[in-house]
Amino acid sequence: ATVAQHSSSLPSSPASLSTLSPLLQDQAGRQWQRLVELAPDYDALPDAIRQTLLTLLGLSDFVADSLIKQPELLAQTLASGDLALSERWPAYEGDLAALLAEVHDEEALKRVLRQFRRSRMLVIAWRELLGESEVEESFIHLTRLADALICGARDWLYAKQCAELGTPMDGNGDPQPLLILGMGKLGGGELNFSSDIDLVYAYPEGGESDGPRPLAAEDYFARLGQRLAKLL
């Protein structure tokens, strides 16, 4: 019902299944069958949505994999209204922070980060593949999405490590943060779908944590950086 209700929100697009090569149309059909096997409700989708999905499935393994792993994502994406918006990135940080506020362990953290990344990247891919956005829009959104995910993960892990080991303090007794510098395409705001992220971790100055067993700032932030790298 949710999908049908929001079918009118699908943007019009010059891309369609009929414009794809026979090879890509065949790929779309195979991916569609996999999706319907996991989520039979897809077989009852309105024709407009079905045709749009078949086009996307023919163009992108990422779209297919995302919907296969999280079939409910389609209804959520249509209901959000994001497919019609070119500027969505200002909401990334706040939306993710609200989800992370309910997370209490690292396994749940990983799941939330994966699902958030997948849902936002689906919209970015959808708009670009169907000709609704220029590639520059994708650069901006992928960069801002990476920023939100990196900083959200850092802040959650920082709070957890402070609870476990104490808070790192500078010489004046003020808390020290973990600073993250984005290099390469991330730093230049030109992240694309196949980019790695290159990060440099830093902290303001020497000091130690205020826990029962104080750690030097160098050791404290090395440990935090390793946890963050593993998580990401």
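For this structure, a couple of remarks:
- Seen against the Cα atoms of the chain and their longest principal axis, helix 217-231 is set at about 20 degrees.
- The Kirkwood radius of the chain, taken over pairs of alpha-carbon atoms, gives through the Stokes-Einstein law at 25 °C and 0.890 mPa s a diffusion coefficient of 124 µm² s⁻¹.
- Sorting the segments 115-127, 187-199 by their mean number of nearby beta carbons within 10 angstrom, highest to lowest, gives 115-127, 187-199.
- Relative to the longest principal axis of the Cα atoms of the chain, helix 47-59 runs at roughly 60 degrees.
- Most mobile listed residue (Ala101, Ala148, Ala84) in the chain, GNM with C-alpha springs under 10 Å: Ala101
- Protection proxy ranking of 219-232, 150-163, by the mean of other Cβ atoms within 10 Å over each peptide's residues and highest first, is 150-163, 219-232.
- Normalised alpha carbon radius of gyration of the stretch 98-202 [divisor 2.2 N^0.38 Å]: 1.27
- By accessible area, using a 1.4 Å probe on protein heavy atoms only, the stretch 54-179 has 51% of its surface on carbon and sulfur.
- Per residue convex hull volume, Cα atoms of the stretch 67-135, in Å³: 97 Å³
- As a calculated quantity, the FRET efficiency between Arg30 and Asp219 at R0 = 35 Å, using C-beta atoms, amounts to about 0.10.
- Per-peptide average of other Cβ atoms within 10 Å, ordering 129-139, 16-26 highest first: 129-139, 16-26
- Alpha-carbon Debye profile of the stretch 52-106, log10 I(q)/I(0) at 0.31 Å⁻¹: -1.13
- For the chain: accessible area per residue (Å², 1.4 Å): 53 Å²
- For the stretch 99-153 versus the stretch 19-97, the gap between their alpha-carbon centres in whole angstrom: 15 Å
- In order along the stretch 174-189, phi translates into HN-Hα couplings of 9, x, 10, x, 8, 9, 10, 9, x, 9, x, 5, 5, x, x, x Hz, rounded to whole numbers, per the Karplus curve 6.51 cos²θ - 1.76 cosθ + 1.60 with θ = phi - 60° and x for Gly and Pro.
- Per-pair calculated FRET efficiency, R0 = 22 Å: Glu106 and Glu205 via Cβ, rounded to 0.05: 0.15
The values are calculated or read from the model by the stated rules, or taken from the named source; none is laboratory data. This one's a predicted model, so the numbers in the text were calculated from it and none came from an experiment. Neighbour counts run over all protein chains shown; Cβ positions are idealised from the backbone, glycine included. Areas reflect the complete protein model, heavy atoms only, side chains present, ligands, DNA and RNA absent. Shrake-Rupley method; radii C 1.70, N 1.55, O 1.52, S 1.80 Å.
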